[in-house]
Amino acid sequence: MADQGGRASSLRTEGINLFLADGAAAGQEVFHTHLHVLPRFGGDGSGLNIRYDPPPARRTLDAQAAEISTRL
C-alpha cells in the first residue's frame, strides 16, 4: 500500500470527507442510515456552502454544543 499524506491505501486521495445526511433538509434522499466516503484533492472545488442569516451568536453556538454533548 502506498502512503499518501499519512493514509495507507492503494487508492489515490489527499484526504477524505465522511458525509452522513439525517433528514430531508440535510440532503437525505434514502431514508435509512448510510455513510458516504468522499475522496478529496486539494483545489477540487468541493465543500460545504452553508449561509446563516444572521449568523448565530457565539453564546448560542456554545449553548447548542453543550446541549449536544449532554446527549452523547
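Here are the numbers:
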| read-out | value |
| --- | --- |
| In the range 9-35, the residues that are part of a loop (DSSP other than H, G, I, E, B) and of a type in the set (A, V, I, L, M) | Leu11, Leu20, Ala21, Val30, Leu35 |
| Positions within the range 1-17 being loosely packed, with under 10 Cβ neighbours inside 10 Å and at pLDDT 55 or above, in sequence order | Gly5, Ala8, Ser10, Arg12 |
| Restricting the range 36-50 to residues that are of a type in the set (A, V, I, L, M) and assigned to a loop (DSSP other than H, G, I, E, B), the residue that is modelled with the lowest pLDDT | Leu48 |
| Hits in the range 63-72 (condition: surrounded by fewer than 11 Cβ atoms within 10 Å (Cβ to Cβ), of a type outside the set (S, T, N, Q) and either in contact (Cβ under 8 Å) with a residue 12 or more places away in the chain or not in a loop (DSSP other than H, G, I, E, B) (or both)) | Ala65, Ala66, Glu67, Ile68, Arg71 |
| Any hit, the range 40-60, residues being farther than 30 Å from Ser10 by Cα, out of contact with any Asp or Glu (no Cβ under 7 Å at 6 or more places or on another chain) and surrounded by 10 or more Cβ atoms within 10 Å (Cβ to Cβ) | yes |
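The values are calculated or read from the model by the stated rules, or taken from the named source; none is laboratory data. Being a predicted model, the structure only gives us computed values, none of them experimental. Methodologically, a virtual Cβ is constructed for each residue, glycine included, from the backbone with ideal geometry; neighbour enumeration extends over all protein chains shown.
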